[in-house]
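Data first, discussion second: the structure below is written as structure tokens.
Nothing in this text is a laboratory measurement; each read-out follows from the coordinates by a stated rule. Since the structure is predicted, the reported quantities are computational estimates derived from the model, not experimental observations. Heads up, the Cβs are rebuilt from the backbone with ideal geometry, glycines too, and the neighbour counts pull from every protein chain shown.
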Amino acid sequence: MGASMARRSVLAAALGAVVLTASMAWAQTPTLGELSKKEQERRKALQTPAKVLNPDVVPRRTPPPAVPAAQQPPATGEQKPAEKPEKPEDPQKEDPQKDEAWWRARMAQAREDLRRSEMFAEALQTRINSLTNDFASRDDPYQRARIGEDRVKALAELERVKAEIELHKKKIDEIEEEARRAGVPPGWLR
């Protein structure tokens, strides 16, 4: 009887230690309301006014003076050929709209188009796999024919989308090459 009493007391002590540890851990865990208040305070602290750069704040470059397209003929009666204005060396000076935001937006749009086409191709491939499995599991010739037609249409659409993906990849390469020729920093295309 002495050994069983000792076991019970050790077991009771161990159980008490586990309950005490669990209750202490539970008491230290913040409630959802406390976490919400802390998050609100953190967000209020982050709402310090920061300087935002936008077209109203940033001064614009002055455009180069306008060059007339055609010179007026001299009063002596001789006709002078119209002089062509020289092209500026920097393509970005030629078109002030091609700034960093323009290049980033152009590249982002091209990448987004590629991403969408790739996702569509994955969805089509999943549909084709499903139709193939469905075709193999059907016994009814009419249902099989209909499923087979749907599968052929999906395969044709997948080929079209794959060609579209290649075009999007070429477009991205062309934008990168155009940017390289224009002297655009590589960081603008990321």
Tensor-based shape of segment 98-189 (alpha-carbon gyration tensor, a/c under 1.5 rounded, otherwise prolate or oblate): prolate
Computed magnitude of the charge dipole of segment 98-189 (debye, nearest 20; Cβ of K, R +1, Cβ of D, E -1): 60
Contour excess over end-to-end distance, with Cα ends at THR31 and ARG116 and 0.36 nm allotted per residue: 26.4 nm
Computed FRET value (nearest 0.05) for LEU15 with LYS38, which takes r as the C-beta separation and R₀ as 41 Å: 0.75
Sorted peptide list for 29-37, 165-173, 138-146, criterion being average Cβ within 10 angstrom, highest first: 165-173, 138-146, 29-37
Additional length obtainable on full extension of the chain from GLU178 to ASN133, 0.36 nm per residue less Cα span: 11.6 nm
Linear extension gain, GLU157 paired with GLN109, 0.36 nm per residue minus alpha-carbon span: 15.0 nm
